[in-house]
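The block underneath contains the structure these notes are about, expressed in structure tokens.
Derivation of every value follows stated rules applied to the coordinates shown; laboratory data play no part. Everything quoted here is computed from the prediction, not taken from an experiment. Counting neighbours? That spans all protein chains shown, and the Cβs are built from the backbone with ideal geometry, glycine included.
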Amino acid sequence: MTRTRSPLLLVAALLAPAIAGLVVFRLYPIALAVSDSFFNMVRGHQVFVGVGNYLSLIADSAFWKSLQVTFWFNLLINPIQIALSLGLALLYVQKFRGIALYRFLFLIPIGVSLPVAVIIWRIMLSQDGLVNGLIGIAGIPAQPWLTSESFALYSIIAIATWKGISYWMIFIIGGLQNISTEIYEAARLDGAVAWQRLWHITIPLLRPTLLFVLVADVSINFLLFAPIFMLTQGGPADSTNVLMYEAYKSGFVFGDMGRAMAIIVVVVLILLVIVGLQFRLLNGKQEKK
Amino acid sequence: MKGANVKTVKLSILAGLVASFFAGTALAQDKTLNMIVIEGGDTTAMQAVVDAYKASHPGIAINLQSYPFAQFFQVAELRLRSADAGIDLVYVDAPLMASYASRGFLSPIDPGIDTSSLVPSALDAGKYDGKQYALPINNSAQVMFYNKTLFEKAGITPPTGLTAGQTSTQGDVDKLASTERWTWEQVADAAQKLTVKDGGRTTTYGFSVEQFAELYQLQPFGESLGTDVIGPDGYTAKGYLDSEAWTKAATYWSELYSSGVSPKGLGYGEGAQLFGNGQLAMFAGGTWNLPILAATGVDFGVAPYPYFAGGKVLTPTGSWYVGVNVASANQTEAMDFASYLTTNAEGTKVWFDALQQLPTYKPLLDTISTSADFDVFPKNVFRLGVYDSLNTAKARPVTAAYGQLQDAFRTAFTDISNGVAVSEALKSAVQKFETAANRVAK
């Protein structure tokens, strides 16, 4: 019996911790959310209501408004964050005087925890804050950044973007450094100008990196909660009431866990569809070449 | 922080080991009760009561788990819902009692506990479906603090109130509260004149409430004009929160902010801070601010909580209750401590001395009314609380959907202060509350 042992056992053993983590921290909560969404708490008892919680969401205007806010928020923040992190990454790999300072500055937001960043921004965006002081110098009157329906969502996008882009920048830098400089040299010899090199070489070759950043960024932004919880509580007039906040309020403030879980399941389903589409689109294009 | 925690944990484990070594042969009925409370003064006061209790009940240890105000409700909700046996006693906010009781989180209070010494209205607010589920720890009363110096500087006559160096009997205070109470119109008028702006920045605000946009603080606004915030069924807001009375009240509120006499979005404790810094001329807040403000050196007076001209005088009331978690394995012991905290002469006195909150224990109220100790300012302010709690206090609505109401109300009044139209904000609040409440009502 000298047959080499199958590596299956070894593979299983090596994967076990990761799979256990995935099951305990990802699949189990999702399964729990799905099962809880079929129940309601009535007078201290769990009552099975089937798809009742989902049906009531259909007639629930607060849910639809919140869905709309969530989509609008993501439609704006994801392209902005990815475009800016790509721009930052391109700048980061350049070589010019003072680049070290620039690199240092753009890595700072990664080192600041989100709640701390949010608190600092809240102070800066307050009525008597730094931002209003600066625009005051230019003669512009103070603006209600976080307390007006027309500004609040965009202020949150700005804060989340400030916090997020340097993180995504690091992944893109990794991708950029994988592109061989010879390709650029060849293109330069062929007379390709900077934007042509970006469009025809950098972006196509960055596709796998960009796909990862896109998927991860969309998931994170879809589930964004802390800045909204800390700054606006979904207001003013529900203008920042994304689905995650609506679910939180339903479950933890109103004790209506059935509705909260139904919303969470809807969020997960939407995310799965979006991520699936993203994989399809970005992989599909590559295969055609 | 982390290091300190680890140290504390290690220390407490060590202490536990040492204690168990010595207690190895001690009484078999040794028990530890766990209670969740709000961080800060409430925890300090509760610890004082616990210490007093321990002296006469050596077999019982009570461990307080304190949470910041902002997180307390979520934590309580989660732990009670999951039938967490790690909590025996629960600190219950008056209006949430119905929500907890309706979902079966609290044990009915042991009928053996004699509650005849408690203020009946406060006791009633601890009932759901005719059954007592929680006992009142104390009551609350709101007054209006005013900065005498700022009034003098602006050349306006301040409201009549209780001030430093003055003594007053309960009779004097009753007369003041029933005849000299300012109207909200007078407050707005004075606030306008007291507000000082310096190049776009406000250096002195005329007026602010303590609990920004909160139902507790603002319920008397609309209700004193004649319409309750929700209907008697506990689930209808249409015709109530969007009524003419509430529209008038909300318009008054919106003008406080559009005219700039009130600072927007004050957080917990920030009003007292502004007042203490001399940047706020009038401040409608709880009597619990007295010790804080007395320590600031601001020369202030205390006037009764205002009302709308032509309306009824109504004042905020209700405070914290104690209940026993259904899931607790120590029902008898927990009930006994709840009884000590609320109906025992010693327990209630220790609590009052530590926290200086208006009591619900009648013998203590009598002491406040009659004892010479309470003749002098600022202690005579408690007599204002006694008058209001007996004459003008209006409890919050009893509804299992109180959390939903509180949230819809807060959102509407925050939005209004930020410039959203009154009718739109109230309409949206009605709709939101009724949708959410109907899910509880079924």
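Couple of notes before you dig in:
- Rg over Rh for chain B works out to 0.98, both radii taken from alpha-carbon positions and Rh defined as the Kirkwood radius.
- Cα gyration tensor, chain A - rounded (a/c under 1.5), prolate or oblate: oblate
- Seen against the Cα atoms of chain B and their longest principal axis, helix B:422-441 is set at about 20 degrees.
- Estimated [θ] at 222 nm from DSSP helical runs (n ≥ 4, -39500 (n - 2.57)) normalised by residues in chain A, nearest 500: -21500 deg cm²/dmol
- Around the Cα centre of the stretch B:383-428, unit charges on the Cβ atoms of Lys, Arg, Asp and Glu (plus for the first two, minus for the last two) sum to a dipole of about 200 debye.
- Among the lysines of the stretch A:46-288, pairs at least eight places apart or on separate chains and with Cα atoms under 30 Å apart come to 4.
- Bins of 10 Å from zero: percent of alpha-carbon pairs in the protein assembly as shown: 2, 12, 19, 22, 19, 13, 7, 3, 1, 0, 0
- Furthest towards positive pole of dipole, A:Val253, A:Ile58, A:Ile77, structure part the stretch A:46-288, Cβ charges: A:Ile77
- This ranking places B:Thr247, A:Thr181 by how few other beta-carbon atoms lie within 10 Å of each, fewest first, which gives A:Thr181, B:Thr247.
- Residue order, fewest to most beta carbons within 10 Å, for B:His57, A:His45: A:His45, B:His57
- Counts of other chain beta carbons within 10 angstrom of each beta carbon in peptide A:235-241 average 5.
- Nearby aspartates and glutamates by direct alpha-carbon distance to B:Lys238 (threshold 14 angstrom, same-chain neighbours under 8 apart not counted): B:Asp228, B:Glu424, B:Glu434
- Within the protein assembly as shown, percent of DSSP bridges classed antiparallel, to nearest 5: 65 percent
- Fewest-first sequence of B:Leu118, B:Leu78, A:Leu176 by Cβ atoms within 10 Å of each Cβ: B:Leu78, A:Leu176, B:Leu118
- Simple rule: put +1 on each Lys or Arg Cβ and -1 on each Asp or Glu Cβ in the stretch A:46-288, find the dipole, and look at A:Ala226, A:Ala152, A:Leu107; the Cα lying farthest toward the positive end is A:Leu107.
- Judged by the mean number of other Cβ atoms found within 10 Å, the most tightly packed of the peptides A:197-205, B:431-439, B:93-101 leads the ranking B:93-101, B:431-439, A:197-205.
- Of all DSSP beta bridges in chain B, antiparallel share, percent nearest 5: 65 percent
- Simple rule: put +1 on each Lys or Arg Cβ and -1 on each Asp or Glu Cβ in the protein assembly as shown, find the dipole, and look at B:Gly199, A:Ile170, B:Phe409; the Cα lying farthest toward the positive end is A:Ile170.
- For the stretch B:72-151, the square roots a ≥ b ≥ c of the C-alpha gyration tensor eigenvalues yield an a/c of 1.5 or more together with a/b not exceeding b/c, which makes the shape oblate.
- Cα shape, the stretch B:302-426, gyration tensor, a/c 1.5 rule: oblate
- Simple Cβ-charge dipole of the stretch A:46-288, Lys/Arg +1 and Asp/Glu -1, about Cα centre, in debye nearest 20: 500 debye
- Computed over chain B: relative contact order in percent, which uses C-alpha pairs under 8 Å that are six or more apart: 26 percent
- Within the protein assembly as shown: Cβ-based charge dipole about Cα centre, in debye rounded to nearest 20 (Lys, Arg +1; Asp, Glu -1): 2920 debye
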